[in-house]
Amino acid sequence: MKKHFVNTIKAGNAIDEVFVLAEKFLSRKKDGNNFLNVTLSDKTGRIKGVVWDNVEDISLNVCSGKFVKVKANVSEYRDTLQLVIKSMEVCPAESVDPGDFLPVTALNVEDLFDRLVKKTESLQNDHLKQLFNAFWNDKDFVRDFKKAPAAKNMHHAYLGGLLVHTVSMVFLADKIAEHYRGGGIDRDLLIAGTILHDIGKLREFEYQYKIDYSDEGRLLSHIVIGLKMIDEKLDKLQNFPKKLEILLKHLVVSHHGSREFGSPEVPKTIEAFLLNYVDEIDSKVNGIRDFISQEDPCENWSSYHKLLGRHFYMGNQ
């Protein structure tokens, strides 16, 4: 049983513990000798580590994605905790509890999924309802959809995170569609695109013992994978309107908002424009809330958020 989790580690600790080796990179010092940079993880987070001695032997004997037994001292480097690793060896998977290594949503995934199904039942477009029936009747898809994370680090980066993210977005999108009703917004199309925009993440990520990109995810991206998954279901349906198919797929390909952020096309319909901003709102709010939750509650301001480039005020917490 694990005694030291990432979120309990402090400078000065001596660590003798099992982690998942999330990443490892061989680097070279100024004197020409090698050293090893690693990232270790468990269900509470990730921590950097460095190996200065026996670098080649350790590097050859451990692979990313494996459980490793680590002996290390904890120091601070550039205001960040770091493990100075003395030894690291593979630990058999059967000897550990997988629940120690992957964070899981505290929400009830069955209730969340039921809410999502009810939204699809409320659609007026019979073709879209048939498409979702095809997805919901796919037991493998439903199983993975309830389990998949929405990201590796930034937001909803835990088991069930994709479902939490999707349900939150769907209810936001539905409220927006109601607010702008009569303004040329296809509510059914918006809801459908919101549910399907990230389904490629079921295969973009691997999440058995760690959350990381799969080979398919790195090579294709969740947008390409998602389009393929939609095509697999459309091939089994009869008379699905071609125009509706194109509009639905446009929501998927444009939901990142710009080519700079990975979308093959920018949003070119009102529904696609709304989906991009709903996605941005939900992912950013969740990421910021998670970031603040790990800060010192006695402080008025958070530490510096590197990705968003700012401190956050917490005085009203």
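The values are calculated or read from the model by the stated rules, or taken from the named source; none is laboratory data. For clarity, every value in this text was computed on a predicted model and none was experimentally measured. So basically every Cβ, Gly included, is an ideal-geometry build from the backbone, and we count neighbours across all protein chains shown.
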| note | Apart from one, (1) on the phi > 0 side of the Ramachandran plot; (2) under 13 Å from the mean Cα position of the chain (by Cα) all hold for GLY182; the odd one out is (2)
| remark: LEU308 fails exactly one of (1) outside the structural domain of ASP140 (by TED's automatic domain parsing); (2) part of a helix (DSSP H, G or I); (3) not polar (S, T, N, Q), namely (2)
| task | Considering (1) in contact with a helix residue (DSSP H, G or I) (Cβ under 9 Å, 6 or more places away or on another chain); (2) acidic (Asp, Glu); (3) over 22 Å from SER214 (Cα atoms), say which one ASP16 fails and leave the rest. | result | (1)
| query | Residues in the stretch 15-29: is at least one surrounded by 14 or more Cβ atoms within 10 Å (Cβ to Cβ), not in a strand (DSSP E or B) and not β-branched (Val, Ile, Thr)? | reply | no
| query | Looking at VAL38, is it out of contact with any Asp or Glu (no Cβ under 7 Å at 6 or more places or on another chain) and surrounded by 15 or more Cβ atoms within 10 Å (Cβ to Cβ)? | reply | no
| Any hit, the stretch 66-78, residues being in the same structural domain as ASN34 (by TED's automatic domain parsing), among the hydrophobic types (A, V, I, L, M, F, W, C), under 15 Å from LYS24 (Cβ atoms) and part of a helix (DSSP H, G or I) | no
| message | Looking only at residues that are among the small types (Gly, Ala, Ser) and assigned to a loop (DSSP other than H, G, I, E, B) in the stretch 172-207, which one is surrounded by the most Cβ atoms within 10 Å (Cβ to Cβ)? | response | GLY200
| note | Per the list (1) on the phi > 0 side of the Ramachandran plot; (2) surrounded by 13 or more Cβ atoms within 10 Å (Cβ to Cβ), residue check on GLY309 breaks on (2)
| request: Search the stretch 77-105 for residues that are over 15 Å from GLY49 (Cβ atoms) and pair each with any residue that is among the small types (Gly, Ala, Ser) when their beta-carbon atoms are under 8 Å apart and the residues are at least 6 apart or on different chains. | output: PHE101/SER41; PRO103/ALA157; VAL104/GLY160; THR105/GLY160; THR105/GLY161
| field | Residue tally, condition part of a helix (DSSP H, G or I) and under 17 Å from ILE199 (Cβ atoms), over the stretch 256-270 | value | 0
